[in-house]
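Working notes, structure below.
The values are calculated or read from the model by the stated rules, or taken from the named source; none is laboratory data. Note that the structure is a prediction, hence the values are computed from the model and not measured. Every residue, glycine as well, gets a Cβ built from its backbone with ideal geometry; the counts of neighbours run over all protein chains shown.
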Amino acid sequence: MCRSLLTLALAALPAAAAAATLDVTVRDAAGKPVRDAVVTIAVAGKASPPRFPWPARVTQQDIQFDPYVLIVPVGASVAFPNKDKVRHHVYSFSKPKKFDLKLYGRDESRSITFDKAGAVALGCNIHDGMTAFIKVVDTPFAAKTDAAGRARIDGLPAGAARVVVWHPYARVKNNEVAMAVSLPASGRTARSVSLPLAAGKPR
């Protein structure tokens, strides 16, 4: 009996480990790395509900939002804590989620639930220089590029996939480019994307 159970367990190991990794490098028209680009992957078949390891939180500190770009799944409740000595008034006019958080002070927090996929631009009605973005996604496969313009997504199933790369200041339709990728049963696949940005905008 024990030997049979061990055989079954060992047989299951390759299937559990069989998953692909996609590495995406994003550069602008001049070849410079693009930071804070959001890479999402849609795969065939049913995927598990999105869950991400980072907190669903946009902090107001030093008269700026942190992080500059946040990825959250549809249905997430995002907290907006104020760590500054001054009051802030957070708002958005974006179609996926319009909201208005009236003035509140230090060590206070407000929350908003994001129930539709899309890009939400944030601002402060008191400090015009404060901007940030929330990318609400309906896939568990999403990541943000780092300072080197790289994003890695693990645990992908084999087969056809649609990869979308979005940046708030990309000079393309809907601020995004898409490509088709065929993923192997396991191993690493790499792709490079050129994403032109508006002049003078963060890279």
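Could you tell me which of the residues Ser182, Ser186 is farther than 13 Å from Val34 by Cα and touching a helix residue (DSSP H, G or I) at 6+ places or on another chain (Cβ under 9 Å)?
Working: Ser182 fails: touching a helix residue (DSSP H, G or I) at 6+ places or on another chain (Cβ under 9 Å).
Going through Ser182, Ser186 in turn, the sole match is Ser186.
Among the numbered conditions (1) out of contact with any helix residue (DSSP H, G or I) (no Cβ under 7 Å at 6 or more places or on another chain); (2) over 14 Å from Thr25 (Cα atoms), tell me where Pro168 comes up short.
Failing condition for Pro168: (1).
Determine whether Asp107 is under 17 Å from Met130 (Cβ atoms), over 18 Å from the mean Cα position of the chain (by Cα) and not aliphatic (A, V, I, L, M).
no
Which is more than 26 Å from Val34 (Cα to Cα), within 23 Å of the chain's Cα centre (by Cα) and not assigned by TED's automatic domain parsing to the domain that holds Ile153, of Lys98, Lys102, Lys83?
Details: Lys102 fails: within 23 Å of the chain's Cα centre (by Cα); Lys83 fails: within 23 Å of the chain's Cα centre (by Cα).
Checking each option against the conditions leaves just Lys98.
Considering only residues that are of a type in the set (Gly, Ala, Ser), under 17 Å from Tyr68 (Cβ atoms) and surrounded by fewer than 19 Cβ atoms within 10 Å (Cβ to Cβ), which ones fall in the range 142-188?
Answer for the range 142-188, where residues must be of a type in the set (Gly, Ala, Ser), under 17 Å from Tyr68 (Cβ atoms) and surrounded by fewer than 19 Cβ atoms within 10 Å (Cβ to Cβ): Ala147, Ala148.
This table checks each residue for (1) touching a residue at least 24 places away in the same chain (Cβ under 8 Å); (2) crowded, with 17+ Cβ neighbours inside 10 Å.
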residue	(1), (2)
Thr21	yes, no
Gly31	no, no
Pro50	yes, yes
Val58	yes, yes
Asp62	no, no
Gly75	yes, no
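Sort out which residues of the range 83-102 are surrounded by 14 or more Cβ atoms within 10 Å (Cβ to Cβ) and part of a strand (DSSP E or B), and write them in order of number.
His88, His89, Val90, Tyr91, Ser92, Phe99, Leu101
I'd like to check which strands (runs of 3 or more DSSP E) are fully inside the range 132-178 and have at least 3 residues that are at pLDDT 95 or above and closer than 27 Å to Thr113 by Cβ. Even if it seems obvious, please write down each step before you answer.
Working: elements: 142-144, 150-156, 159-166.
Result: 142-144, 159-166.
Between residues in the range 101-115 that are farther than 11 Å from Asn82 by Cα and residues that are assigned to a strand (DSSP E or B) and charged (D, E, K, R), which pairs lie under 9 Å by C-beta distance while being six or more apart or on different chains?
Leu101/Arg110; Lys102/Arg110
Within the range 121-131, track down each residue that is of a type outside the set (Val, Ile, Thr), in contact (Cβ under 8 Å) with a residue 60 or more places away in the chain and in a strand (DSSP E or B).
Leu122, Cys124
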